[in-house]
Amino acid sequence: MENSICTIEQLKNFIDLSPKEEKKLKQITNKHPMCVTPYYLSLIDWDDPDDPIRKMAIPSLNELNLQGSYDTSGEAENTKMSGLQHKYHETALILATNKCATYCRHCFRKRLVGLQTKEIIERLEDAAEYIKQHEHVNNVLVSGGDPLVLENGIIEQILSILSDIPQIKFIRFGSRAPVTFPSRFEDDELLSILSRYSRPDRRIYVVTQFNHSNEITKQSIKAVDNLIKSGVIVNNQAVLLKGVNDNPMTLANLLNSLVSIGVNPYYIFQCRPVKRVKHNFQVPLCKGIEIIEKAKEHCNGHSKRFKYIMSHITGKIEILGIFDDEIYFKYHQAKNRKNLGKIFKRPVDESAGWLDDFKSTSVRVLDAAPYLL
Ligand code: SF4
């Protein structure tokens, strides 16, 4: 990570920039830092201006577009103490760090990654106490930033404290390190810590984010293999991203390759309407449904187990499909538990990229969810 490319000056060794472009990119990286590991950088084909890895890792002038917001799923209102969020009944979320190996340009926590923030956990013991007092919390997601770039000692401390909570059934790490920094998983000490805490009756999960099959390389396959050999279960949460994987065959190749290497396709997320991200990356929902359904035609049962999900302020909403000019949705997870499992629909709007983009006057509710009334 010490050899990462983190300045526009360094970037100029790879691409030509006019003085105007250079100035604007510096403005962007002052606001949202750039950092790309040498490994991830090596995956970019610099002769291809549309290279998908380049789009995910290298800042672009499209980030000057400020449509959207920095907190699209209500993280502030779910924060119980600095670094601890509790939105869904059974799951607690800990933000363990603001650092990542590579800062993804499409990150939905762009507001904090690589920046000074008060949103990171201060005292893990206090978070553990909160969880103990909420006995229905049966799993913890440790995220950030990327918690698996933390020092081994800190990772062990997190596991030790969380494992002491009797009702916790499993612990998840949200980490893109297998994708952007796979050599992290050649560290025997880290693997031995994960192996010690991933017991047969209480597994450790790593939820990673492969978005394109160009990210599936000899090195990332090895990283996944080392995690699996350490008893860790590896799931994938891809994001549907314009110019990266918004093509049925690209997506199908990714999903099929993931299954081959032992990574379970878990979710495909609709890109959130985040400032400096929405304009650059979001695919409209109607187009997203079409891409995903066509991709599924090239998938086997295992590679199409995922759900297409919008992580909305009201809950995780599955995007089911289109029938008779209406889009159908279903609450997979809900902040208000009364909405769990509820199905609702909206008239097709080709330009809508998020639930809030549909005109509320035209809402037709199948099974009334309070948010929709
Ligand atoms: S690794 Fe995850 S948290 Fe970090 S910038 Fe990428 S998407 Fe955001």
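Bear in mind that the values in this text are calculations on the coordinates, not laboratory data. Every value quoted in this text rests on a predicted model; they were computed, and no experiment measured them. Here the Cβ is made from the backbone with ideal geometry for all residues, glycine too, and neighbour counts use every protein chain on show.
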Efficiency by 1/(1 + (r/R0)^6): what FRET value for residue 60 and residue 3, r their Cβ-Cβ distance, R0 = 22 Å, to the nearest 0.05? 0.45
Quick check: the distance between the Cα centres of segment 277-291 and segment 134-157, to the nearest angstrom? 31
How much of the DSSP beta bridge set in segment 79-282 is antiparallel, as a percent to the nearest 5? 20
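Using per-residue counts of other Cβ atoms within 10 Å, averaged over each peptide, order 107-116, 45-54, 199-208 from highest down.
Values: 107-116: 18.6, 45-54: 14.4, 199-208: 17.0.
Descending mean neighbour count gives 107-116, 199-208, 45-54.
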For segment 159-304: lysine pairs with Cα atoms under 20 Å, gap of 8 or more or different chains, count? 11
Excluding residues fewer than 8 positions from residue 20 in its own chain, the aspartates and glutamates with Cα under 20 Å of it are 9, 63
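Loop-only GluC sites (Glu not before Pro) in segment 1-65, please: DSSP not H, G, I, E or B, and at most 15 other Cβ atoms within 10 Å. Write out the running numbers ahead of the final one.
On the way: sites: 2, 9, 21, 22, 63; in loops: 2.
Answer by residue number: 2.
Rounded to the nearest 5, what % of DSSP beta bridges with both residues in the chain are antiparallel? List each step's numbers first, then the result.
On the way: 24 of 51 bridges.
Of all bridge pairs located within the chain, approximately 45 percent are antiparallel.
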Cβ-Cβ FRET estimate between residue 307 and residue 196, R0 fixed at 35 Å, reported to 0.05: 0.65
Long-range amide H partners of residue 84, meaning residues 5 or more apart or on another chain whose placed amide H is closer than 5 Å, are 95
How far apart, in nm, are the 7 Å Cα→Cβ label points at residue 163 and residue 351? 5.4
Can you list which of the DSSP-assigned H helices in the chain have a Cα extent of 30 Å or more along the long axis and an average Kyte-Doolittle score of at least 0.5? none
For 322, 158, which order do you get if you count the other beta carbons within 10 Å of each Cβ and list the fewest first? 322, 158
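Rounded to the nearest 0.05, what FRET efficiency is calculated for residue 135 and residue 69 with R0 set to 35 Å and r the Cβ-Cβ distance?
With a Förster radius of 35 Å, E is 0.55.
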